[in-house]
1. Mind listing just one residue for me: the one in the range 175-192 that is open to solvent by 50 Å² or more (accessible area, probe 1.4 Å) and at pLDDT below 95 and, of those, farthest from I164 (Cα to Cα)?
2. Does any residue of the range 87-107 turn out to be modelled with pLDDT of 95 or more, aromatic (F, W, Y) and touching a strand residue (DSSP E or B) at 6+ places or on another chain (Cβ under 9 Å)?
3. What do you reckon, is S52 in contact with a Ser or Thr (Cβ under 6 Å, 6 or more places away or on another chain), free of Cβ contacts under 8 Å to residues at least 24 places away in the same chain and under 17 Å from I158 (Cβ atoms)?
4. Can you tell me which of F143, F195 is buried (at least 21 other Cβ atoms within 10 Å of the Cβ) and touching a Lys or Arg at 6+ places or on another chain (Cβ under 9 Å)?
5. Is there any pair linking a residue in the range 91-109 that is in contact (Cβ under 8 Å) with a residue 40 or more places away in the chain to one that is open to solvent by less than 70 Å² (accessible area, probe 1.4 Å) and of a type in the set (D, E, K, R), with Cβ under 6 Å and at least six apart or on different chains, and which?
6. Here is a list: D124, D130. Which entry is crowded, with 16+ Cβ neighbours inside 10 Å, among the acidic types (D, E), closer than 19 Å to G177 by Cα and in contact (Cβ under 8 Å) with a residue 60 or more places away in the chain?
7. Please enumerate the residues belonging to the range 198-211 that are assigned to a strand (DSSP E or B) and either open to solvent by 40 Å² or more (accessible area, probe 1.4 Å) or at pLDDT below 95 (or both).
8. (1) within 16 Å of the chain's Cα centre (by Cα); (2) open to solvent by 50 Å² or more (accessible area, probe 1.4 Å); (3) more than 30 Å from C148 (Cβ to Cβ): which one isn't true of R21, the others all being true?
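The values are calculated or read from the model by the stated rules, or taken from the named source; none is laboratory data. A quick note: this is a predicted structure, and the numbers were derived from the prediction, not measured. No Cβ is skipped: glycine too gets one built from the backbone with ideal geometry, and neighbour counts run over all protein chains shown. Note: accessible area is taken over every heavy atom of the protein model, side chains too, but ligands, DNA and RNA are not part of it. Shrake-Rupley method; radii C 1.70, N 1.55, O 1.52, S 1.80 Å.
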Amino acid sequence: MSVSVTKEIQNQSQIDAYQERGPATMGPWTTHIWRNDPRHLAFLLSRYKFCSKILSGKENVLEVGCGDAFGTPIVLQSVKSVHGIDFEPLVLAEAQKNMQAEFSKRCAFSVHDMLKAPLNRKFDAAYSLDVIEHIPLQDELKFLSNICASLKREAICIIGTPNIEASRFASVASAEGHINLKSADTLRQLLLKRFENVLIFSMNDEVVHTGYYAMAHYLLSVGVGLRNNSEKI
């Protein structure tokens, strides 16, 4: 018999699992969000859900700028495997430590700076959430090109970023770090340099839609079909 017995028998398995495995642990980035702006965590996880739906059925997926990978298991519910990269070793160590056992066999991590070089293997898809706005404007094409060099010809690539139109509502800390905000048009133009087709979606809070871009807080771009004639960087 369990040490603790629930009043509702259908809840017992949850208590048993909790006592056996302990609580789930968030990494440093996600913990900061939870402590300072809990609602934002719902928005963040909704972006991962969008990626999981768009990339459903893909075999090997690359996450560029995975941070502490708290949302990565959402994508792993729909794809076979995810390889997460980040240039911050400390946060990747936390991601590896905290990844749930049922997902850890299908998830790998490595320290890598996508501004310096592509990875040495080809992926079926890639996604990068809340990263491009931290990349200097003069380096954004190199960043995107190195992602593309890590992809198969028919791959899908998702780039998510705050909308520059909503920058006046950003906190001081957020504004300091967001050095390369995009509008729907500038985001599309960037991806069209490397992809034949680019789809742009609007996002407000947890809701993804095809509404008026200027009123969106967040933008999600989907690039499909790598261009053959990539211009030199």
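1. Here the residue is E176.
2. The answer is yes; a qualifying residue exists.
3. Numbers: in contact with a Ser or Thr (Cβ under 6 Å, 6 or more places away or on another chain): yes; free of Cβ contacts under 8 Å to residues at least 24 places away in the same chain: no; under 17 Å from I158 (Cβ atoms): yes.
Against the criterion (in contact with a Ser or Thr (Cβ under 6 Å, 6 or more places away or on another chain), free of Cβ contacts under 8 Å to residues at least 24 places away in the same chain and under 17 Å from I158 (Cβ atoms)), S52 does not qualify.
4. Numbers: F143 fails: touching a Lys or Arg at 6+ places or on another chain (Cβ under 9 Å).
Testing whether each residue is buried (at least 21 other Cβ atoms within 10 Å of the Cβ) and touching a Lys or Arg at 6+ places or on another chain (Cβ under 9 Å) leaves just F195.
5. That search, which allows pairs on different chains as well, returns V91/D68; E94/D68; A95/D68.
6. Working: D124 fails: closer than 19 Å to G177 by Cα.
After ruling out the rest, the residue left standing is D130.
7. Keep residues of the range 198-211 that are assigned to a strand (DSSP E or B), which gives 198-204, 207-209.
The answer is L199, F201, N204, V207, V208, H209.
8. Every listed condition holds for R21 apart from (1).
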